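Taking it in order: structure first as structure tokens, then the write-up.
Derivation of every value follows stated rules applied to the coordinates shown; laboratory data play no part. All values reported here derive from a predicted model rather than from experimental measurement. For neighbour counting, all protein chains shown are included, and Cβ atoms are generated from backbone atoms with ideal geometry for every residue, glycine included.
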Amino acid sequence: MLAALGPMGFCLAIVAFMPNIWTITLIVLAFFFAYYVYEPPYRGLYPDILHESLYGRSQGVQHVLRGIALGVALVAGGFLFKVWHPAPFLLAAVATTAACGAVVLYVREPEGEGSRVFRGVRSYVKTSWTVFFEVPEVRRFLFANAAWEGTFAAMRTFVVLYITIGLGQPLSTSSAVLALVQMGMCTLLFSAGGTWSLRSPNASVWFAIIITGLFASAFGYYVQTWAQAHISANRTALILATEPAWALVAAIALAGQRFGWVEAAGAAVLLLAIVGHEVASLRFERHGQPSPP
């Protein structure tokens, strides 16, 4: 697993700088080769550190988290690609190396149990081939998983191509659409219940979700964006700088937050900075000079 970390991160980091499709293809193939070096011992950790009754549940949790991560990557990657083309690939290189390296650093197998997981490419292929043909349950699962993975990948590609090429919209629009779909799916998933860890929210929880999502977030940011379009950039920055002070006021009024001298001093510094800026602006405007930035 450790041997594959460097090649995976390196391939992701340089793929955006390749001059043509052929070199990109080679880099992608090298990445997947390193990925499949990492994958077998990673999968071998499940039976080594988990009880047999937890295999299915752990796989379900892993796929849920994986789907969320893919959605976040698609959404963030679209916006980052618009800012700077190599940005999503460089971020993916750092995130992938950190996540895969964390498994190597922090996951510990029980001492003296089992044998070495990865015995070489030939042994791995031979064992996989034998299991595939001798265990029908594994065969059915692999076919179903391949169909699901292929359909999921094809759907993502179709949505992005249809929005960007078919409708002529920018890549950021496809990212926004994917973000909306991901939020909707996460809402359905975590409100479905049916397992020991997921329970259907009651009416008060749904009320809180609606208030937080629609009014406190969507409507609040709409008003904020509209107001920012009608005032100067420096005053927008000043108003946003008061967010910690207003958060403190809300915490005191609604959550019983303690208001000590440290909190008071911080709020006072913010307010004094804003008052000082406004007084200076009025003074400069009175003398016909431009306001300070």
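Hey, rough spin-label estimate for residue 148 and residue 48, points 7 angstrom out along Cα→Cβ, what's it come to in nanometres?
2.5 nm
Return 140, 57 ranked ascending by Cβ neighbour count within 10 Å, so the fewest neighbours appear first.
The order, fewest Cβ neighbours first, is 140, 57.
Could you compute the FRET efficiency for residue 140 and residue 208, with r as their C-beta to C-beta distance and R0 at 51 Å, rounded to 0.05?
Step by step, r from the Cβ atoms, then E = 0.75.
Return, ordered by residue number, the residues of region 1-40 whose backbone nitrogen is under 15 Å from a label point located 7 Å along Cα→Cβ of residue 91.
13
How would you order 47-54, 237-244 from highest to lowest mean count of nearby Cβ atoms within 10 Å?
My ranking of the peptides, most packed first, is 237-244, 47-54.
Sticking with the crude label model, points 7 Å out along Cα→Cβ, report the distance from residue 28 to residue 155 in nm, one decimal please.
So the two model labels end up 2.2 nm from each other.
Helix by helix through the chain, keep the DSSP H runs that span 18 Å or more along the axis on Cα and average at least 0.0 on Kyte-Doolittle, and give those back in order.
Membrane-span-like by this criterion, though nothing is claimed about a membrane: 2-14, 21-49, 55-83, 87-106, 121-134, 136-161, 171-192, 261-286.
Would you mind calculating the relative contact order of region 1-114 from Cα pairs under 8 angstrom and at least 6 residues apart, reporting the percent as a whole number?
44 percent
Could you check the spin-label model distance between residue 228 and residue 180? Points 7 Å from the Cα along Cα→Cβ, value in nm.
2.0 nm
Dipole of the chain (Lys/Arg Cβ +1, Asp/Glu Cβ -1, origin at the Cα centre): which of 2, 188, 168 lies farthest to the positive side?
Result: 168.
Given the DSSP H assignment, sum -39500 (n - 2.57) over each helix run of at least 4 residues in the chain and divide by its residue total; what's the result at 222 nm in deg cm²/dmol, nearest 500?
-25000 deg cm²/dmol
Using Cβ contacts closer than 10 Å as the measure, can you line up 64, 262, 160 from fewest to most?
On the way: 64 14, 262 9, 160 18.
Fewest-to-most ranking of 64, 262, 160: 262, 64, 160.
Defining a contact as two alpha carbons under 8 Å apart and six or more residues distant in sequence, what relative contact order in percent does the chain show?
With pairs under 8 Å counted, the relative contact order is 16 percent.
Counting Lys and Arg as +1 and Asp and Glu as -1, each charge on the Cβ, what is the dipole of the chain about the Cα centre in debye, to the nearest 20?
300 debye
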